[in-house]
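Worksheet: one structure, shown below.
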Amino acid sequence: MEHIIATRETDELVELVIAAQEKGLSGEHGTWLEFLKFCDPTRDYFNDPRNRKAETLIQFLTSIIKTDDSRKLALLMNPSRPLVRRYSCNHPKETAEQRLVRKTLTHEEYPFDFLIPYKSKDWVLTGIIGSPIVDPLNDLAAEISYSFRSRMPYAKSIAITDMIALCCEKVLCQDNTEAAVRVAAVDRNLKVILDVLVKPNEPVINFRTSITGLDCFALHLSNATPLSDIQEKLLELFPTETIMVGHLLNKDLKALKMDHARVIDTSLLFKYDFSGCGIVLGKLPRPSLDHLCKSVLGYEMPKSPGRCVDEAVASMKLVLAILEHGADTSVPLPDDMLKN
């Protein structure tokens, strides 16, 4: 979160601090006013965030990360990302698919996972979900208007598929970021609707051959599809109404430099069953896609590299297992965890 805060423009930092004031968020040294008295006491008129340097604003906001208000700050930093209203599961307007979207968006780890920067010009945002989706912080999203809203692209008019599972394989680039090198998507019927190689924008220093099956001699990448063309295709596949399914989707979206609001992330739906095992943990680990595939779907994922399509299929099957067969989202611990 610190890095993302530091990349915000000064006017955005000001709006965030003002919003944090209004919501009563506190950092290590208290609220904004208490922070100023502790770190930089001055005359009262300097209490206005607009009269403060960006460094001071960043220092206050990053101090919130270490407190219980960190989740609220993460929500404030994503004002364009709608969250599902906390209505009951039998709400007449909520379908079974929407319920899983709501469970993903209201998971306590969601704001941190999907804290994705949009400032770069090569990022794309698919859209914003309409009613009955609202922000849980009293519609704070309506109070903050970030500049990237005006740059929001519009998806082309196509036939809408209600759910599409997406997965991408990633390589490590010279600038220490992960870039998508292959992206695959399957529809609700498990039909492959996209499976293409992606040409990274930055020089690659690690092809992660054991995962991607590619290496430094993969000359066919020179003819791979540019990321901008992939983004355009994904904007067509994912209009606002379409649900994106996947496992650890935040990592795929970051590699694709893309954001989509309506998601079902199986890494946030399923959890390990620690009851009766006597294990005391802090932050609980999440089940891997391999383990979910074995324990919920009853088969093992292929071990060979280049299994992008297989992972997209597995993610969709997991969601369908819940929707169509009422699969339990609490799964047994793997053998290696039981041994420890």
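The values are calculated or read from the model by the stated rules, or taken from the named source; none is laboratory data. These numbers were taken from a predicted model, which means no experiment stands behind them. Cβ: placed from backbone, ideal geometry, glycine included. Neighbour counts: every protein chain shown.
Listed by first and then second residue, the pairs linking a residue in region 173-189 that is assigned by TED's automatic domain parsing to the domain that holds Thr212 to a residue that is basic (Lys, Arg) and assigned to a strand (DSSP E or B), with Cβ atoms under 7 Å apart and 6 or more places separating them unless they lie on different chains, are Glu178/Lys170; Ala179/Lys170; Ala180/Lys170; Val181/Lys170.
Does region 33-50 contain at least one residue that is under 26 Å from Glu109 (Cβ atoms) and outside the structural domain of Tyr110 (by TED's automatic domain parsing)?
Taking region 33-50 as the starting set, the residues that turn out to be under 26 Å from Glu109 (Cβ atoms) are none.
Checked against the condition, which is being under 26 Å from Glu109 (Cβ atoms) and outside the structural domain of Tyr110 (by TED's automatic domain parsing), region 33-50 yields no hits at all.
Conditions (1) in contact with an Asp or Glu (Cβ under 7 Å, 6 or more places away or on another chain); (2) in contact (Cβ under 8 Å) with a residue 60 or more places away in the chain; (3) under 19 Å from Ala312 (Cβ atoms), marked per residue:
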| position | (1), (2), (3) |
| --- | --- |
| Thr225 | no, no, yes |
| Lys233 | no, no, yes |
| Phe238 | no, yes, yes |
| Leu249 | yes, yes, yes |
| Met258 | no, yes, yes |
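Against the definition (of a type outside the set (A, V, I, L, M, F, W, C), at pLDDT below 90 and more than 20 Å from Asp11 (Cβ to Cβ)), how does Ser63 come out, yes or no? Spell out how you get there, then give the answer.
Numbers: of a type outside the set (A, V, I, L, M, F, W, C): yes; at pLDDT below 90: no; more than 20 Å from Asp11 (Cβ to Cβ): yes.
So Ser63 fails the test.
Please find, among Pro302, Pro285, the residue that is over 17 Å from Leu105 (Cβ atoms), under 21 Å from the mean Cα position of the chain (by Cα) and at pLDDT below 95.
When all the criteria are applied, what remains is Pro285.
Return yes when Ser275 is farther than 17 Å from Glu169 by Cβ, outside the structural domain of Pro111 (by TED's automatic domain parsing) and either assigned to a helix (DSSP H, G or I) or without any contact (Cβ under 8 Å) to a residue 24 or more places away in the chain (or both) and no when it is not. So Ser275 fits the description; yes.
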